1. Report the residue, chosen from 125, 139, 42, that carries the largest GNM mean-square fluctuation when the chain is represented by alpha-carbon nodes joined by springs under 10 Å.
2. Which residues make up the longest stretch of the chain clear of trypsin sites (Lys or Arg not before Pro) that lie in a DSSP loop with no more than 10 other Cβ atoms within 10 Å, not counting the sites?
3. Order 29, 100, 65 by their accessible area, 1.4 angstrom probe, all chains in place, largest first.
4. How many angstrom lie between the C-alpha centres of segment 105-168 and segment 26-44?
5. If you take every residue apart from residue 132 with its C-beta less than 9 Å away from the C-beta of residue 132, what net charge results, scoring Lys and Arg +1 and Asp and Glu -1?
6. Return an integer: the convex hull volume of the alpha-carbon atoms of segment 19-86, in Å³ per residue.
7. Accessible area per residue of segment 50-168 at 1.4 Å probe, in Å²?
8. Given (1) 17.2; (2) 16.2; (3) 16.7 as candidate values of Kirkwood radius over Cα pairs in Å, which corresponds to the one derived from the coordinates?
Amino acid sequence: MTDEDQKLFGGRWEERLWLNVPGPFYTAETDTCWTGRLHAPDNVLYAAGCESVEYVFRQPRDPREVRNVVAAANEESFGEYACDGDLRSTPPAVRQWWAERSRVAEHMVGALAEFGRGRDRYEDDAVLGVLDFQAYLADGLAADLRAYLFRLEEGRYPEAGERLPELG
């Protein structure tokens, strides 16, 4: 990693926010400037009760979303995004995160209450992100995490028809 990359992706695995969905990108103690969703609304959300600490709620699905997450990281003034999750994630850790998803779901309920006050456009946008994450948690995330488990175990993403590992 270059010095520039280390400045941009300086987040530390040990300090990552528990809300980050397992995958290559994650955040630690980010700033409170509400900029992440301006660049990556399909991937970044703000934690409730944390003065808008950013986290990755959906890993990028295509090159455009990767560029968007990198743009969000570039805007984050503390340099607390990271992109080394593939080197640090383990199948047991992914399964543990999934097993504790009810904690994430509870956080989303609190986030809706906090951001639903609609005081400004940032909170309005955060509500849209929470609703998106809730829908993804209910339908889609499990399949993505199973594919990610396959990648961690096999070193590649699965091809159509290949059996995926179970989450629990």
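The values are calculated or read from the model by the stated rules, or taken from the named source; none is laboratory data. These figures come from a predicted structure and were not determined experimentally. Using ideal geometry, Cβ is built from the backbone for each residue, glycine included, and neighbour counts are taken over all protein chains shown. Surface accessibility is based on the protein's heavy atoms, side chains included, excluding ligands, DNA and RNA. Shrake-Rupley method; radii C 1.70, N 1.55, O 1.52, S 1.80 Å.
1. In this elastic network of the chain, the residue with the biggest mean-square fluctuation among 125, 139, 42 is 139.
2. 1-116
3. Ranked list, largest accessible area first: 29, 100, 65.
4. 15 Å
5. In short, 0.
6. Once divided by residue count, the hull of segment 19-86 is 70 Å³.
7. In whole numbers, segment 50-168 has 54 Å² accessible per residue.
8. (2)
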